[in-house]
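Report on the following structure.
Coordinate-derived values only; no laboratory data. Keep in mind the model is a prediction, meaning the values are calculated, not measured. Don't worry about glycine lacking a Cβ; one is built from the backbone with ideal geometry, like all the others, and counts go over all protein chains shown.
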Amino acid sequence: MGGGTSFPRETLDRDRVVIVTGGNTGIGYETAKWIAMLGAKVIIACRSEMRALEAIERMKKEYQEEKQKGTNGIIQDEYTEDKNELVFQVNYLSQFLLAIHLMPLMEFSGADDCRIVLVSSDGHNLAHPFNASSIQGKHLTEDNFECFRNYANSKLYQVMQMYFMNRRLKESNISVVSTHPGTVETEFGRDMECSRTCCIYCFGHTMKFCHCIKTPFEGAETEIYAAIAAQLKGIRDVYYADCKPATTSSQSRNMENQEALLKVSLELLKDYIPEDIVHRWSTTPTTLA
């Protein structure tokens, strides 16, 4: 007769690979699903690719249900195909990649006022102490993963990006600034299981700067201002909140950390960037040489 659940509900190493035969149905399905939910990489071996794909979709749905219930051991960190933590790649790395690919077009456009506006957050003040060896988020585990702090890290990197880019663009027609939109009523966190926690941290921290939750229009005002205000032509290294210059965190202004972030970023993106661009961005500015 059956007893209670006996397998350990502990997060598994992401480098562990498990092959489950018949993983699309029955016992095989439950085995594959639970090992995957605990963090390992699972390969479903079955005769029908279509049935395997259908099983994976069911697993994803049931995984979300288990997270909603707060089941012990279920992984909360999400990683991309490039093995980067999702928030890090979406908020920082992908935007850096887009920016450096657009820069040649901007430089040779003939325009004398090209701007890059990075939408950061005052939450960057709550980021973990900078550590170049862990910016991908690979150090995160179920025990030490803090949703908002991870979001704050990605926003810290955006502010640091502003500084290291401007050092290399000071003689060009391109300027980079950063903004803080405030606490805005949007779909932010709709896919984040810990969105409630994020909101509590974010709201508590930003209330001292903003006494109400902004509408999307109000949240966009600072970004629009930074993008089009004529008097900001050529302005660099400024962080705006409520359309006014604001102070960035002390660690975001650390030049050595900024350059370390750039070095790691270029390494992570080396398969997506031409060698001449990598060389240009990896060249140390004379101010740091």
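Details
- One decimal place: the segment Ile228-Ala111 gains 40.7 nm when fully extended, by the rule 0.36 nm per residue minus the C-alpha distance.
- At full extension, Leu98 and Thr215 could sit 39.4 nm farther apart than now, given 0.36 nm per residue minus the alpha carbon distance.
- Cross-link pairs exceeding 23 Å in C-alpha to C-alpha distance, out of Lys69/Lys155; Lys41/Lys83; Lys33/Lys270; Lys33/Lys67; Lys69/Lys214, comprise Lys69/Lys155; Lys33/Lys270; Lys69/Lys214.
- Loop-located chymotrypsin sites (Phe, Trp or Tyr not before Pro) in the range 72-139 (DSSP state other than H, G, I, E, B) with a sparse environment of at most 11 neighbouring Cβ atoms within 10 Å: Phe108.
- Efficiency of FRET between Ser134 and Met50 - r from beta-carbon atoms, R0 45 angstrom, step 0.05: 0.70
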